[in-house]
Amino acid sequence: MSRLNKKIKINANVNNCELSKPARVTGTTFLTILTILFLFPIAIVLLNSVKGKFYIASTPFALPTGEIFVGITNYVEGFRKTGLLQATGWSFFITIFSVLCIVLLTSMTAWYITRVKSKLTTNLYYMFVFSMIVPFQMVMFTMSKITNMLHLDNPIGIILIYVGFGSGLSVFTFAGFIKSIPIAMEEAAMMDGCSPIQTFFYVVFPILRPTAITVAILNTMWVWNDYLLPSLVLSNKYSTIPMAVQSLKGSYGSIDMGAMMAMLVVAIVPIVIFYLTCQKYIIKGIASGAVKG
Amino acid sequence: MQKSMKKYFPIFVLPTLIAFAIAFLIPFVMGFYLSFTKFTTVTDSKWVGFENYIKAFTVNTEFLDAFLFTAKFAVVSVVTINVFAFGLAFLLTKGLKGTNLFRTVFFMPNLIGGIVLGYIWQLIINGVLFKFGYDITFDAKFGFWGLVILMNWQLIGYMMILYIAGIQNIPGELIEAAKIDGANGRQILRKITIPMVMPSITICTFLTLTNSFKLFDQNLALTGGMPAKQTSMLALDIYWTFYNRVGFEGVGQAKAVMFFVLVAVLALIQLRITRSKEVEQ
């Protein structure tokens with residue numbers, strides 16, 4: 001009896017909190033301080049983006065008050081001088097359409113190579129998986145030469161390249177999920193006269209939705225932030241935001257730190273908004289991806 | 001079903017396959033071949049055998065230095081990131097108030113791109129060093145620890161999410177039973193929590209390891225390899241060899257092949273370990 005009581009007590013403890021009150025307070029305080037430390041670098045960039053450009057490098061931790069404060073001048077200058085607006089546009093264009101193409105095309109491919117079993121499809125699957133462990137440096141030189149020869153050095157061409165590079169992880173992720181869904185529904189649909197295309201879009205793709213969201217999120221984070229691939233493939237007039245940031249550093253003798261800060265903010269804000277709106281899916285996707293390993 | 005699907009190969013597979021061939025397959029095979037040749041353009045190449053591989057080590061010690069720098073960096077980051085991430089995950093699975101907010105914030109840096117991360121930290125680190133009259137390119141030590149701090153800031157949140165998932169997978173009865181048997185918090189951590197999250201520890205260790213070895217954007221933005229290439233990591237060294245030295249494209253490609261083999265071996269070891277763990281369970 002006393003044992004049972006003890007067990008119930010412990011259960012109640014587990015449900016509320018495992019820690020004693022002082023430990024809880026210490027833990028929360030510690031985490032709060034850490035949260036502030038984690039946000040500090042982002043806050044510094046935000047603050048410096050409204051400071052006069054000569055005050056940034058020397059006193060990055062000073063608050064933007066009095067004569068140091070310049071409002072949105074840095075943004076205006078950044079937009080005017082460095083083509084930040086076009087870069088933002090191209091970044092959005094390339095990210096959105098690459099991700100759409102990756103999700104659509106690789107889900108179709110994954111379905112086909114999982115359902116049609118042949119030597120060819122098995123080998124294709126292994127090639128996609130293999131491509132995941134190859135570092136970009138291995139193919140970057142030859143790939144950029146080939147894309148130049150094929151005139152793919154524009155925002156449309158780079159979408160094709162992103163589909164090619166994204167296909168490894170995406171086909172692998174989709175195929176892993178498709179293996180777990182019963183084939184009976186698809187067979188029934190086809191028996192009722194659906195073509196494979198209709199079957200895919202009316203039956204299979206709706207089931208794939210959660211995986212499609214994960215794949216879309218992983219690829220969005222990758223394409224939006226990618227620097228090396230677009231810098232090798234695209235000509236300068238189609239600069240993306242990371243390229244614009246890097247070229248600001250590379251081409252000028254002394255960097256316009258004001259424009260630099262404005263650019264960093266423009267690079268950070270969209271992806272943070274994206275994160276805060278899809279947070280639930282992002283964290284779930286990452287946790288589930290690792291379990292599969 | 002297989003039969004009726006078969007002729008749809010051009011619609012379902014061909015577009016992805018063409019993209020995959022142009023972006024990956026053909027460049028991969030060509031890259032492998034070109035590492036044994038001397039070339040400046042891809043179409044005009046002369047077979048030289050292993051000369052490029054030898055040159056990668058004999059012309060100068062940059063590749064070897066980059067490897068040592070990368071390895072040192074990888075060891076330090078793997079240890080620090082995993083210890084911090086596990087600690088945070090442990091705290092965040094205790095049912096404290098505000099857990100969701102903390103988790104959201106700690107993961108956030110992971111979404112910011114490498115180039116941007118590099119310049120954010122350059123500003124901060126230079127701001128601190130400025131007070132002492134230095135900047136980050138003054139000494140390789142500054143660059144090294146700068147990269148470690150940056151990498152920690154970026155990856156702790158990601159690994160923390162994986163550890164939280166691992167800790168939450170531990171059956172509650174196990175911990176309860178241990179408590180009934182009189183185990184204290186530290187004993188539970190050592191005898192139950194850590195052994196039970198071993199799979200997560202393996203995954204996170206290798207993820208941080210391969211990420212550290214493949215680091216490029218952050219390296220380029222934070223130090224650009226300065227001073228005097230002392231803070232160049234492998235990926236950056238390969239990049240310089242390709243694009244900053246005329247006539248060394250073959251050597252660059254040979255370095256890239258060795259880099260690929262190194263990363264692939266790491267991935268295969270990881271696969272071996274995770275597979276054998278699965279069997280045990």
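Residue by residue, here is whether (1) touching a Gly at 6+ places or on another chain (Cβ under 9 Å); (2) touching a residue at least 40 places away in the same chain (Cβ under 8 Å); (3) surrounded by 20 or more Cβ atoms within 10 Å (Cβ to Cβ) holds:
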site	(1), (2), (3)
B:Ile120	no, no, yes
B:Lys131	no, no, no
B:Thr137	yes, yes, yes
B:Phe144	no, yes, no
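Residue by residue, here is whether (1) touching a strand residue (DSSP E or B) at 6+ places or on another chain (Cβ under 9 Å); (2) within 14 Å of another protein chain (Cβ to nearest Cβ); (3) under 14 Å from B:Ala19 (Cβ atoms); (4) assigned to a helix (DSSP H, G or I) holds:
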position: A:Asn74; (1), (2), (3), (4): yes, yes, no, yes
position: A:Phe79; (1), (2), (3), (4): no, no, no, yes
position: A:Ala87; (1), (2), (3), (4): no, yes, no, yes
position: A:Phe92; (1), (2), (3), (4): no, no, no, yes
position: A:Phe97; (1), (2), (3), (4): no, yes, yes, yes
position: A:Cys101; (1), (2), (3), (4): no, yes, yes, yes
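Residues in the range A:29-69 that are modelled with pLDDT of 75 or more, of a type outside the set (A, V, I, L, M) and not in a helix (DSSP H, G or I): 2 in all. crowded, with 24+ Cβ neighbours inside 10 Å and either at positive phi or touching a residue at least 60 places away in the same chain (Cβ under 8 Å) (or both): does that describe B:Leu266? The answer is no for B:Leu266.
Condition check: more than 7 Å from every other protein chain (Cβ to nearest Cβ) and among the hydrophobic types (A, V, I, L, M, F, W, C). Does B:Val13 satisfy that?
On the way: more than 7 Å from every other protein chain (Cβ to nearest Cβ): no; among the hydrophobic types (A, V, I, L, M, F, W, C): yes.
When the stated conditions are applied, B:Val13 does not pass them.
Of the residues that make up the range B:83-92, is at least one more than 10 Å from chain A (Cβ to nearest Cβ), under 20 Å from the mean Cα position of the chain (by Cα) and crowded, with 20+ Cβ neighbours inside 10 Å? Yes.
State yes or no: is A:Val215 more than 18 Å from A:Ile161 (Cα to Cα), at pLDDT below 90, assigned to a helix (DSSP H, G or I) and out of contact with any Pro (no Cβ under 8 Å at 6 or more places or on another chain)? Spell out the reasoning first.
Details: more than 18 Å from A:Ile161 (Cα to Cα): no; at pLDDT below 90: yes; assigned to a helix (DSSP H, G or I): yes; out of contact with any Pro (no Cβ under 8 Å at 6 or more places or on another chain): yes.
No: the conditions fail for A:Val215.
Looking at the range A:259-272, can you tell me whether even one residue there is within 27 Å of the chain's Cα centre (by Cα), more than 29 Å from B:Lys214 (Cβ to Cβ) and buried (at least 19 other Cβ atoms within 10 Å of the Cβ)?
Applying the first criterion (within 27 Å of the chain's Cα centre (by Cα)) to the range A:259-272 yields A:259-272.
Okay, now just the ones that are also more than 29 Å from B:Lys214 (Cβ to Cβ), so A:259, A:262.
Checking which are buried (at least 19 other Cβ atoms within 10 Å of the Cβ) leaves us with A:259, A:262.
Yes - at least one qualifying residue is present in the range A:259-272.
Exactly one residue out of B:Ser35, B:Ser77 is among the small types (Gly, Ala, Ser), touching a residue at least 24 places away in the same chain (Cβ under 8 Å) and under 26 Å from A:Val129 (Cβ atoms), and it is B:Ser35.
Filtering the range B:169-208 to residues that are more than 20 Å from the chain's Cα centre (by Cα), part of a helix (DSSP H, G or I) and β-branched (Val, Ile, Thr) leaves B:Ile175, B:Ile180, B:Ile188, B:Ile192, B:Thr193, B:Ile194. Just one residue in the set B:Thr231, B:Thr193, B:Thr202 is within 11 Å of chain A (Cβ to nearest Cβ) and of a type outside the set (Gly, Ala, Ser); that residue is B:Thr202.
Those residues that are surrounded by fewer than 18 Cβ atoms within 10 Å (Cβ to Cβ), assigned to a helix (DSSP H, G or I) and either within 9 Å of chain B (Cβ to nearest Cβ) or touching a residue at least 24 places away in the same chain (Cβ under 8 Å) (or both), I need them from the range A:175-184; list them, please. Let's see the steps before the verdict.
Here is the first cut: in the range A:175-184, the ones surrounded by fewer than 18 Cβ atoms within 10 Å (Cβ to Cβ) are A:176, A:179-184.
Checking which are assigned to a helix (DSSP H, G or I) leaves us with A:176, A:184.
Once the filter is applied, which keeps residues that are surrounded by fewer than 18 Cβ atoms within 10 Å (Cβ to Cβ), assigned to a helix (DSSP H, G or I) and either within 9 Å of chain B (Cβ to nearest Cβ) or touching a residue at least 24 places away in the same chain (Cβ under 8 Å) (or both), the range A:175-184 yields only A:Gly176.
Put simply, of B:Ile188, B:Ile167, B:Ile175 the only residue that is of a type in the set (A, V, I, L, M), within 22 Å of B:Ala85 (Cβ to Cβ) and touching a residue at least 60 places away in the same chain (Cβ under 8 Å) is B:Ile167. Among the residues of the range B:26-37, those identified as part of a helix (DSSP H, G or I) and crowded, with 16+ Cβ neighbours inside 10 Å are B:Ile26, B:Pro27, B:Phe28, B:Met30, B:Gly31, B:Phe32, B:Leu34.
Each row is one residue, and each column tells you yes or no for (1) assigned to a helix (DSSP H, G or I); (2) more than 10 Å from chain B (Cβ to nearest Cβ); (3) of a type in the set (Val, Ile, Thr); (4) crowded, with 21+ Cβ neighbours inside 10 Å.
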{"site": "A:Thr147", "(1), (2), (3), (4)": "yes, no, yes, yes"}
{"site": "A:His151", "(1), (2), (3), (4)": "no, yes, no, no"}
{"site": "A:Gly157", "(1), (2), (3), (4)": "yes, no, no, no"}
{"site": "A:Ile161", "(1), (2), (3), (4)": "yes, no, yes, yes"}
{"site": "A:Gly166", "(1), (2), (3), (4)": "yes, no, no, yes"}
{"site": "A:Ser170", "(1), (2), (3), (4)": "yes, no, no, yes"}
{"site": "A:Thr173", "(1), (2), (3), (4)": "yes, yes, yes, yes"}
{"site": "A:Glu186", "(1), (2), (3), (4)": "yes, no, no, yes"}
{"site": "A:Val203", "(1), (2), (3), (4)": "yes, yes, yes, no"}
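Has the range B:101-113 got any residue that is exposed (fewer than 15 other Cβ atoms within 10 Å of the Cβ), at pLDDT 85 or above and either over 17 Å from the mean Cα position of the chain (by Cα) or of a type in the set (S, T, N, Q) (or both)? Full working, then the answer.
Step one: of the range B:101-113, the residues exposed (fewer than 15 other Cβ atoms within 10 Å of the Cβ) are B:101.
Filter again for at pLDDT 85 or above, leaving B:101.
Keeping just the survivors that are either over 17 Å from the mean Cα position of the chain (by Cα) or of a type in the set (S, T, N, Q) (or both) gives B:101.
Within the range B:101-113 (the criterion being exposed (fewer than 15 other Cβ atoms within 10 Å of the Cβ), at pLDDT 85 or above and either over 17 Å from the mean Cα position of the chain (by Cα) or of a type in the set (S, T, N, Q) (or both)), the answer is yes, since at least one residue qualifies.
Would a scan of the range B:222-239 turn up a residue that is surrounded by fewer than 14 Cβ atoms within 10 Å (Cβ to Cβ) and not in a loop (DSSP other than H, G, I, E, B)? Don't jump to the end; show me each part of the working.
The initial filter retains those residues of the range B:222-239 that are surrounded by fewer than 14 Cβ atoms within 10 Å (Cβ to Cβ), namely B:228.
Those left that are additionally not in a loop (DSSP other than H, G, I, E, B): none.
Scanning the range B:222-239 turns up no residue that is surrounded by fewer than 14 Cβ atoms within 10 Å (Cβ to Cβ) and not in a loop (DSSP other than H, G, I, E, B).
The values are calculated or read from the model by the stated rules, or taken from the named source; none is laboratory data. Predicted model, so just to flag it, every value in this text is computed and none were measured. A quick note on method: Cβ atoms are made from the backbone with ideal geometry, for glycine too, and the neighbour counts reach across all protein chains shown.
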